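The block underneath contains the structure these notes are about, expressed in structure tokens.
Nothing in this text is a laboratory measurement; each read-out follows from the coordinates by a stated rule. Remember, predicted model here, so these are calculated numbers, not experimental data. Cβ coordinates were reconstructed from backbone atoms using ideal geometry, including for glycine residues, and neighbour counts include every protein chain displayed.
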Amino acid sequence: MEEGFSLGVFLKKFGTPEKCLDTILNLRFPKGVYCDKCTAISKFYKVEGRPLYACSCGFQISPLAGTILEKTTTPLQYWFYAIFIMSTTRSGVSAKQLQRMLEVTYKTAWRMFKQIRMLMAESGGGMLDGIVEVDETFVGGKGKNRAFCQVSNSLDSYSHFP
Ligand SMILES: [Zn+2]
């Protein structure tokens, strides 16, 4: 595990699906969300109980659309934790270890492991050579739906933790 890792910091930032979703929303739309109906950048509000955000006019967007998280039934914080673990563990983590850490089925762990590893490879393999870049970018999705999941970027404060 990287120095400075703190589960407390992680939970504070990503302890609930809402926090994870908020992070993804902000990473995908750093300049604010454009509303197709209002044809302007607008304030979007979380839709209760669904992974969606809505403009006051009723237009809705899904921050997960086009990402590896779009159809997942595994809680988002598990994904964030897996990405975090996999990108900050120098010696690497196996799917089996992931299964134990997350307490999910091996099938789920393996699927997450495979997809996260693919993202890590796509993002340049910077994390795979043992040097963890805290501002490394994880990218999911294809083409214009490419979604950013800069988990470690959002976690950058942990590296400054005492
Ligand atoms: Zn609107």
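Can you give the extra length, in nm with one decimal, that the chain gains between residue 118 and residue 7 once fully stretched, where that is 0.36 nm per residue apart less the Cα-Cα distance?
Length gained between residue 118 and residue 7: 37.5 nm.
Residue 39 to residue 16: FRET efficiency via 1/(1 + (r/R0)^6), r the Cβ-Cβ distance, R0 22 Å, to the nearest 0.05?
That gives a FRET efficiency of 0.10.
How many nm separate the modelled label positions at residue 94 and residue 111, each set 7 Å beyond the Cα in the direction of the Cβ?
Simple spin-label model gives 2.2 nm for this pair.
On average over all directions, what projected area in square nanometres does region 73-123 have, based on the convex hull of its Cα atoms?
The Cα convex hull of region 73-123, projected and averaged over all directions, gives 3.3 nm².
Once amide H atoms are placed 1.01 Å from N in the peptide plane, what residues at a sequence separation of 5 or more from residue 35, or on another chain, have their amide H within under 5 Å of its amide H?
40, 41, 42
Apply the Karplus curve 6.51 cos²θ - 1.76 cosθ + 1.60, θ = phi - 60°, to the phi angles in region 13-29 and return the couplings in whole Hz, x for Gly and Pro.
Ordered by residue, 3J(HN,Hα) equals 8, 10, x, 10, x, 5, 5, 5, 5, 4, 4, 5, 4, 5, 6, 6, 10 Hz.
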